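These notes concern the structure reproduced below.
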Amino acid sequence: MKFASTIVQSRTDSPLGSIALAASAQSLAGVWFTEGQRYLPPELATWPSVPEHPLLQQASAQLAEYFAGQRRQFELLLDFSSGTAFQQAVWQALRGVAPGGTVSYGEISERIDKPGAMRAVGAAIGRNPLSIVVPCHRVIGAGGALTGYAGGLARKSALLRLEGALSEQLV
């Protein structure tokens, strides 16, 4: 993954742990849990902290609304430029999965016209730099199993329960 040299960051709290937010000049470029998150960009340690950045403040406010059950869709400009063309196609397809819904890796591969590319789709989903905002947590195994989430399966379960896609007894 390659991020622009102008990226700035801030942190926000959530019920699932601290979240790092990253933005380019005009777009949100990253949302990661700061603990227990796979694929954190190494640059995160060096990006300047700019908590007053308007887009980072907007993202933080929308995440707070989401966790409070007051927001189901995010209204933020997103920067997918850190990914390959294939990754960007997968991340765009994830945006079409409605809150409260789930899809399989195979369904995402069909949506991007790459049937049979479930493993590559899974790898791209795992590298999603915009966790929660680009809802990779809504992707489940073909049999309905909760599989893979770079932020951890406990967080994936919590996000799906928050959205009403997973009942307590299935966790």
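Taking θ as phi - 60° and the Karplus parameters 6.51, -1.76 and 1.60, the scalar couplings of the range 78-85 work out to 10, 10, 9, 5, 6, x, 6, 4 Hz in sequence order, x denoting glycine and proline.
Note on LYS2 and SER27: the model spin-label points, each 7 Å out from Cα along the C-beta direction, lie 1.5 nm apart.
Taking amide H atoms as placed 1.01 Å from N in the peptide plane, the amide H of ILE132 lies under 5 Å from those of HIS137, each 5 or more residues away in sequence or on another chain. Between LEU153 and ARG38, the contour length at 0.36 nm per residue exceeds the Cα-Cα span by 40.2 nm.
Using a ≥ b ≥ c from the Cα gyration tensor of the range 79-135 (square roots of the eigenvalues), is it rounded, prolate or oblate, where a/c under 1.5 gives rounded and otherwise the larger of a/b and b/c decides, a/b for prolate? Oblate shape, in that a/c is at least 1.5 and b/c is the bigger or equal ratio.
Centroid-to-centroid, using Cα positions, the range 35-50 and the range 101-155 are 22 Å apart. Phi angles of the range 134-143 translate, via the Karplus equation with coefficients 6.51, -1.76, 1.60 and θ = phi - 60°, into HN-Hα couplings of 9, x, 5, 5, 8, 9, 10, x, 4, x Hz per residue; Gly and Pro are given as x. When only Cα pairs below 8 angstrom with a gap of at least 6 residues are kept, the range 113-160 shows a relative contact order of 28 percent. Per-residue Karplus couplings for the range 52-66, computed as 6.51 cos²θ - 1.76 cosθ + 1.60 with θ equal to phi - 60°, are listed in order as 8, 4, x, 5, 5, 5, 5, 5, 4, 5, 5, 5, 4, 5, 4 Hz, Gly and Pro entered as x.
Based on DSSP loop calls and a cut-off of at most 14 other Cβ atoms within 10 Å, the longest stretch of the chain free of exposed GluC sites (Glu not before Pro) is what? The answer is 76-171.
Compared with the direct C-alpha span, the chain from ARG95 to GLU75 gains 6.1 nm at full extension, assuming 0.36 nm per residue.
Can you check how the C-alpha radius of gyration of the range 1-103 compares to 2.2 N^0.38 Å, as a plain ratio? So the range 1-103 has a normalised radius of gyration of 1.06.
Quantify how much of the Cα-Cα distance distribution of the range 65-171 extends past 19 Å, in percent. For the range 65-171, the share of Cα pairs beyond 19 Å comes to 39 percent. By DSSP, the beta bridges lying fully in the chain are antiparallel in about 65 percent of cases.
You can think of it this way: the chain between THR84 and ASP13 has 22.6 nm of extra reach, that is 0.36 nm per residue less the Cα-Cα gap. For the range 95-171, trypsin sites (Lys or Arg not before Pro) are listed when DSSP marks them as loop and at most 16 other Cβ atoms sit within 10 Å of their Cβ; the list is ARG95. Working from Cα pairs under 8 Å separated by at least six residues, relative contact order for the range 28-158 is 30 percent.
All of the numbers you see were taken from the coordinates with simple rules; none came from a lab. No experiment lies behind these values; they were computed from the predicted model shown. Neighbour counts are summed over all protein chains in view; Cβ atoms, including those assigned to glycine, are modelled from backbone coordinates with ideal geometry.
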